[in-house]
1. Return the whole-Å distance between the Cα centroid of the stretch 1-22 and the Cα centroid of the stretch 88-153.
2. Place a +1 charge on the Cβ of each Lys and Arg in the stretch 8-151 and a -1 charge on the Cβ of each Asp and Glu, then give the dipole magnitude about the Cα centre in debye, rounded to the nearest 20.
3. Could you tell me whether the stretch 88-149 comes out rounded, prolate or oblate from its Cα gyration tensor? Rule is a ≥ b ≥ c as square roots of the eigenvalues, rounded for a/c under 1.5, then prolate if a/b exceeds b/c, otherwise oblate.
4. Find, among the trypsin sites (Lys or Arg not before Pro) in the stretch 1-85, those assigned to loop by DSSP (not H, G, I, E, B) with at most 13 other beta-carbon atoms within 10 angstrom.
5. Given the alpha-carbon gyration tensor of the chain, what are the semi-axes of its equivalent ellipsoid in whole angstrom, ordered largest first, with each equal to the square root of 5 times an eigenvalue?
6. R0 = 30 Å: FRET efficiency of Q146 with A42, Cβ-based, nearest 0.05?
7. Which of these, V45, V108, V78, has the largest mean-square fluctuation under a Gaussian network model of the chain (Cα springs below 10 Å)?
8. Counting only GluC sites (Glu not before Pro) that sit in a DSSP loop (anything but H, G, I, E, B) with at most 15 other Cβ atoms within 10 Å, what is the longest stretch of the chain containing none of them?
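The numbers here are math on the coordinates, done by the rules we state, and not lab data. Values in this document were obtained by computation on a predicted structure and should not be read as measured data. Every residue, glycine as well, gets a Cβ built from its backbone with ideal geometry; the counts of neighbours run over all protein chains shown.
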Amino acid sequence: MKAVEPRIEAIGPIWWNNHGDKMRIVETESKEGSVVVIRASAAEVVIQKINSDAFEVSYWINNGWRGEISGLIKMNRVMLTAAFCVSDDLGEEGEYSQWLLDKYGGTVAKQGIFIRWKPFLNIPGPGTGSDGDANVSMEVLDEIKQAVGGLLK
């Protein structure tokens, strides 16, 4: 996999919304098992550990008058570590989407799952960078990286 420099706007890639810098950890455990909840006023990402190699990542976005958007993505251990800056490796060429990196720029990507450049992450993929997109942007801060690392133990 070859990282490709994206076009930068403001503080991140053009496909990343700058409200992503507001996302923060709000919970790291629940009665259902290992979970990490990352939230800002208009978006939320919940990572639920299913077993040692399976994770569900749900996301919710409030786009104001446009309505709400939500989705559920299944990630394996390798995808989760790559998405949340624990690793930049998605394995063999078939496991990642080089074409997505070539088109939009980024460090690592998996079509329909995520795209990331350095700590700038979009789930489930790149957007316009404007409010109203059907994706969640977040800056993967050290606290988020550490919380996700805790799920991997």
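1. 10 Å
2. 200 debye
3. Note, shape of the stretch 88-149 comes out oblate.
4. K2, R7, K31
5. Here the semi-axes work out to 21, 20, 13 Å.
6. 0.80
7. Sorting by GNM fluctuation, first place goes to V78.
8. Longest site-free region, per DSSP loop and neighbour criteria: 93-153.
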